[in-house]
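Remarks on the structure that follows.
The values are calculated or read from the model by the stated rules, or taken from the named source; none is laboratory data. Every value quoted in this text rests on a predicted model; they were computed, and no experiment measured them. Positions of Cβ are generated from backbone atoms using ideal geometry, with glycine treated the same way; all protein chains shown enter the neighbour counts. Ligands, DNA and RNA are excluded from the accessible area calculation, which covers all protein heavy atoms including side chains. Shrake-Rupley method; radii C 1.70, N 1.55, O 1.52, S 1.80 Å.
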Amino acid sequence: MKFSVREIALHERDVRLRMPFRFGIVTLTESPQAFARVRIRLDNGKEAEGASAELLAPKWFDKNPALSNEQNFDQLRVSLGLARDAYLSGGANTAFGHFSTHYQPQVARGAAKGLNPLVANYGPALIDRAALDALCRALGISFYEAIRTNVAGINAPETKGFLQGLKPTDEIAARHTVGLVDPITSSERRVNDGLPETLEEVVARYGHRWFKLKVGGDAKADVERLAAIASVLDRIGEPYFASLDGNEQYEDVEGVLDLWRRMKAERRLQRLAASIAFVEQPIKRQNALAADVSALSREKPVIIDESDDSLDAFPRAKALGYRGVSSKTCKGLYKSIINAARCKAWGPDYFMTGEDLTIQPGLALQQDLALVSLIGLTHLERNGHHYVNGMASLAAHEQEAFLTAHPDLYERSHGAVRLKITHGLIAMRSLDCAGYASRAMPDWKTMREMKIP
């Protein structure tokens, strides 16, 4: 099913966090959210509009400490501008064809602007989702149907025989993020807005059994931080599971192995260490794919996240002992699908995980959930609902529209519509609808036009 891209409008609006989120080298307190609106025209002349959203997150795509957060925002805006120009001039193609045709030229154009591949691919990641949303709406089919029946035209060799076997789930476990400055117990509370703030409160309110624990690159300090976390998690009567996220804070595999050995030797971490399911990108990206990590992967599987900056990054990582790769809509939905197909072909030792970029409720949340559900994940990181006060900053009618359209996914509490998590699970059957996982649309009148530098 071929179509041309007729219009692309880029918008943004501000997101302010209710509590600071420390990961890697940044403490996030606010960030714009980007929105893409794409109008397409099918070969038969029918037109339709689709949309997508993603945070303009600083210090994840490019962690150069010399750049300000605003400079990071501008990098991502430039990426969107480059992609907009390319897709508008690209002629008719399939949904996947638009992606594959523009992939290498977009990376090259980004490099000419000083953008690394992760930044360069941010723009296409949003436009691809919005274009696919428009295609689904034009045909009156769901995202799930578009991928399983390959209306999207995915012809990557890895996906041959893979797509038709995909089966979305109705619910998924939320893996709660514990940031580097998150309060653990009630003595550390700071916000006092009635919503869960401390790890103790989060466990009591949401019933999580999956957690993502940030570490900061100082093995001794990390062990003490993890011991404080374990003092809360070990009170859970049922089994719990966790991932360890280094956010590129360790220089090499030897440093991460030192941390792991300290964790295993620490009596206070006996249960927590046994509960670690995998380790996420602990090594700085400039070193991560330069040396073998098999010694660490024999202890706990290691995945790449920030180093997943190209379509061949996962195979290269596999050769060095990595066992998995993250799915993030900000890196591109087609990359996630291709990597999921690779995992199935390579066997049960290889896997994908679902990771968050402080995803906000509405289009961003729903499209990400639909993607990981379709590729078979059973848990994924969620933190946007924790660090931001749901839809509190949005107009009442927009909040109501999403709540009405997706009553299994959202609830109204503490004066706002927000993600609903019950017994650690997110229900999402309502995402199986015409379009890319949303029966509602944001209020475009409340946004500003994105200014491309």
Please report the spacing between the Cα centers of region 378-398 and region 88-154 in Å, no decimals. 26 Å
Give the distance, in whole Å, between the Cα centre of region 170-201 and the Cα centre of region 246-321. 25 Å
Provide the packing ranking of 227-240, 296-309, 91-104, i.e. peptides ordered by the mean count of other C-beta atoms within 10 Å per residue, highest first. 296-309, 91-104, 227-240
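Name the trypsin sites (Lys or Arg not before Pro) in region 1-94 that are in a loop by DSSP and that have at most 12 other C-beta atoms within 10 Å, would you?
Here the sparse-neighbourhood loop sites are 46.
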Here, residue 69 and residue 104, labelled 7 Å along Cα→Cβ, have an inter-label distance in nm of 3.9 nm
List the residues of region 2-28 whose backbone N lies under 16 Å from a point placed 7 Å from the Cα of residue 181 along the Cα-to-Cβ direction. 16-28
Over the chain: Kirkwood hydrodynamic radius from C-alpha pairwise inverse distances, Å: 22.1 Å
In sequence order, what are the phi-derived ³J(HN,Hα) couplings for region 397-410 according to the Karplus relation 6.51 cos²θ - 1.76 cosθ + 1.60 with θ = phi - 60°, rounded to whole Hz, with x for glycine and proline? 5, 6, 4, 5, 4, 6, 5, 5, 6, 9, x, 7, 8, 10
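What order do 353, 404 take when sorted by accessible area (1.4 Å probe), most exposed first?
Working: 353 5, 404 90 Å².
Result, largest first: 404, 353.
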Largest-first ordering by accessible area, 1.4 Å probe, given options 60, 346: 346, 60
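Rounded if a/c is under 1.5, else prolate if a/b beats b/c, else oblate: with a ≥ b ≥ c from the C-alpha gyration tensor eigenvalues square-rooted, which is region 78-206?
oblate
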Going from most exposed to least, what order do 374, 289 have by accessible area with a 1.4 Å probe? 289, 374
Karplus ³J(HN,Hα) for region 265-272 (6.51 cos²θ - 1.76 cosθ + 1.60, θ = phi - 60°; Hz, whole; x = Gly/Pro) runs 7, 8, 4, 5, 10, 4, 6, 4
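Provide the gained length on full extension for the span residue 169 to residue 274, in nm with one decimal, where the gain is 0.36 nm per separating residue minus the Cα-Cα distance.
On the way: separation 105, 0.36 × 105 = 37.80 nm, distance 2.78 nm.
Length gained between residue 169 and residue 274: 35.0 nm.
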Give me, ordered by chain and number, the residues 5 or more places off residue 355 or on other chains with an amide H under 5 Å from its own placed amide H. 327, 381
Antiparallel as a % of all DSSP beta bridges within the chain, to the nearest 5? 55 percent
Just to verify a number: what accessible area does residue 113 come out at with the full protein assembly present, 1.4 Å probe, Å² rounded to tens? 130 Å²
Going 7 Å from the Cα of residue 312 in the Cα-to-Cβ direction, what parts of region 118-151 have a backbone nitrogen less than 17 Å from that spot? 118
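Please compute the length gained on full extension between residue 85 and residue 452, using 0.36 nm multiplied by the number of residues separating them and subtracting their Cα-Cα distance. Each step should come with its number before you reach the end.
Working: separation 367, 0.36 × 367 = 132.12 nm, distance 1.15 nm.
My answer for the length gained is 131.0 nm.
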For region 282-436: accessible area per residue (Å², 1.4 Å): 31 Å²
Counting sequence-distant residues (5 or more places) and residues on other chains, those with an amide H built under 5 Å from that of residue 278 are 244
Enumerate the amide H contacts of residue 177 below 5 Å, restricted to partners 5 or more residues apart or on another chain; note that Pro and chain-start residues carry no placed amide H. 212, 382
